[in-house]
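Novice: Structure provided below as structure tokens; questions to follow.
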Amino acid sequence: MARFHEALAESDSATVAALLLEEAVILEGGRRESRGEYLGHHYARDVAFLQAMTRTIIWQTVRVADALAYVATVSRLQGIYRDRSYDLSSAELLVLHRTPDGWRIGAVHWSSAPYR
């Protein structure tokens, strides 16, 4: 999970792709994207946005049950992107699957709202 965020911040698409299972589902803004759809267009916007933000983890929990795990995180994102100031509360849920190659992401859900 930490490596996923590092890869996003570093614009390391090869690592992001390797960490997402082929059948991964990304849920954001009321929409669903496949791994290919995300990497093909949405990924670049996320990288640009996240590179302009400072991310502070407010709360996080990890639960593991056999070959499945989830990481739920609430963080604060602050910064300026495209001449607009942002101060957001960001919620993220990652569902991970244990594979022979280690933990891989099977599902991502992101949502955000103004920070309060």
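Just so you know, all these numbers are worked out from the coordinates, no wet-lab data involved. The model shown is predicted, which means the values in this text are computed figures rather than measured ones. Here the Cβ is made from the backbone with ideal geometry for all residues, glycine too, and neighbour counts use every protein chain on show.
Novice: Check which residues have an amide H placed less than 5 Å from residue 115's amide H, if you skip close sequence neighbours.
Specialist: 87, 88, 89
Novice: Please compute the net charge surrounding residue 52, taking Lys and Arg as +1 and Asp and Glu as -1 over other residues with Cβ under 15 Å from its Cβ. Write down the numbers at each step before the final one.
Specialist: Numbers: positive: 45, 55, 76, 82, 84; negative: 10, 46, 83, 87.
Net local charge, residue 52 excluded: +1.
Novice: Given only helices, namely DSSP H runs of n ≥ 4 each adding -39500 (n - 2.57), what is the per-residue ellipticity at 222 nm of the chain, to the nearest 500 deg cm²/dmol?
Specialist: Details: 3 runs with 24 residues, N = 116.
When only DSSP H runs of four or more count, the value is -5500 deg cm²/dmol.
Novice: Can you give me the Kirkwood hydrodynamic radius for the chain, using every pair of distinct Cα atoms, in Å to one decimal? Could the numbers behind the result be given before it?
Specialist: Details: mean 1/r = 0.0682 Å⁻¹.
Value: 14.7 Å, from the Cα pair sum.
Novice: Between residue 74 and residue 31, what is the label-point separation in nm under the 7 Å Cα-to-beta-carbon projection?
Specialist: 2.7
Novice: Averaging sequence separations of C-alpha pairs under 8 Å and six or more residues apart, then dividing by the length of the chain, give the relative contact order as a whole percent. All intermediate terms of the calculation are to be shown ahead of the outcome.
Specialist: On the way: 212 pairs, mean separation 27.7, N = 116.
It comes to 24 percent, rounded to a whole number.
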